[in-house]
Every structure is written in C-alpha cells, then in structure tokens.
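*Asks:* Handing you a structure now.
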Amino acid sequence: MTKRQKQQNLSRSRDSGYTIIESLVAMVVVSVLMIAIAPVMAFSVATRVQARRMELATQAARAYIDGLRTGAIKPPNNPQATIGFPVKGDISAPNLPSDVSALYCVNFDSTPDCQNTSNKDFLVQGIWDVGPVSLANVRAPTRVGYNLIVRVYRADSFAPGVVLKDPRNTKQSVVGSGLGNLTIPVVEMNTQIPPPSGSAYSSLCDRTRGCKTITP
C-alpha cells in the first residue's frame, strides 16, 4: 500500500462516525424532548392512579349498600351502635363524620383494619333520612325504609392535621387530581334502602306521600 493510499484511508476514518459536537447536539435535542413530554407522562400516571382509586371506592360503596340491604350490617341496639350502620341526618347537609370508629371499614391492603396512614383503605359514611313521616317511624328507619347517602373517604383522610370540608362545594375529579383531595369523599352515592318486607318503590311512596294512582 502506497503512502498516498494510507493517507486516504486515514482521512476516511477521521470523517466516519459522529463528532463530539454532533453528539452533544443530539443529547441536547433528546433532553429537550424528554423535558417536554415528562409533564404529560406524570399527568397520565396520576390520572390512572386516581381513576383506580375511585373505582375501588365505588366498589366499597356498593359493598356497603349491599350489606345494608341484605342485613349483613345490623341496625344499632341501644345504647351500643353497630359499626357501619348509617346515622340520621339531613342528606343535603354536610354531616361530616365525627366518630371514625363508627364508620364502615373496607380494607384493601395487608394491614389490619383501616389505618389512617393508608391511602388504599376506605372508610364509608352512611346518612339516612326517612322523609316527612311520623316520629315513631323516624326512630325505626328499617321499618319503613330510608333514603341513603353514602360517602367514601380514604383512610388517610382521618390522619392528624387533615380537616374535612363540606363535600357540596367541590367534588373529586379524575383529571388532574394527582393523589386526590383528602378533605372530601372519593365518591358519593344516593340510593333507597327498602324495608325487609315490601318494595323500594312502595316504601318511597309511603315516606314521601308523593305517589299518585294512575287509572287507565
């Protein structure tokens, strides 16, 4: 191989591949792109986490409602109340839970009971209202059925320093919520709990006195 050929081969090897400047430019471009898409990725993950949490809270609410309808959650025997049985109140008012021990626990993690450090466990609050009926019936809602509002809180909503807020002013949102708002319920539901004998419709008619007979 001649000296001229050696110089040509050396020149080609120097021109092949990326230079340091080109590599630095490529790294800068990739970094800019990563910075641009990082918030979108974080938003997507946070939305998925919150959506999953709301799904589990909905399951907890349905389990609670089924427990009341089937009698698995028993009415209180005075003077000792049964855990999880709904308290009387105005279902349109806040009625923020004050006694955590009376709430119904739905445990989704491996820890015993519902710890106020867990963001996977849920505590369910039930509020009943029988409507405009006699005082005797108000004292025994299971005899006539009742309107029920269910609010499902995360267990860590009752951690020290967390102050619950009126859930009528704001609601949980899947979009952009991140870990969610600890001060309000994850989900809320309204339903009718019928008496042991009779239908939910007839119970509602008796309590509201608003149903009319329709003649053909």
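Quick note: the coordinates plus some simple rules give every number you see, no bench work behind them. Computed from a predicted model, the values in this text were never measured in an experiment. Using ideal geometry, Cβ is built from the backbone for each residue, glycine included, and neighbour counts are taken over all protein chains shown.
*Asks:* What FRET efficiency, computed as 1/(1 + (r/R0)^6) with R0 = 30 Å and r the Cβ-Cβ distance, is obtained for Ala63 and Thr183, rounded to the nearest 0.05?
*Replies:* Numbers: r = 24 Å, r/R0 = 0.79.
Working from the Cβ atoms, E equals 0.80.
*Asks:* Let me ask something else. Quote to one decimal, in nm, the extra length available between Ser23 and Gln115 on full extension: 0.36 nm per residue of separation minus the C-alpha distance between them. Don't jump to the answer; show the numbers that get you there.
*Replies:* Details: separation 92, 0.36 × 92 = 33.12 nm, distance 5.21 nm.
Length gained between Ser23 and Gln115: 27.9 nm.
*Asks:* Local charge sum around Pro167 (other residues, Cβ-Cβ under 12 Å, Lys/Arg +1, Asp/Glu -1)?
*Replies:* On the way: positive: Arg151, Lys165, Arg168, Lys171; negative: Asp166, Glu188.
Result for the local shell: +2.
*Asks:* Shifting gears a bit: May I ask you to list the aspartates and glutamates whose Cα is less than 17 Å away from that of Lys171, ignoring any residue fewer than eight positions away on the same chain?
*Replies:* Leaving aside aspartates and glutamates fewer than 8 places away in the same chain, those within reach of Lys171 are Glu55, Glu188.
*Asks:* Sticking with this structure for a sec: Applying the Karplus parametrisation 6.51 cos²θ - 1.76 cosθ + 1.60 with θ = phi - 60° to the phi angles of region 115-127, what ³J(HN,Hα) value in whole Hz is obtained for each residue in order, glycine and proline being reported as x?
*Replies:* Couplings: 8, 6, 9, 9, 9, 10, 7, 10, 10, 9, 10, x, 10 Hz.
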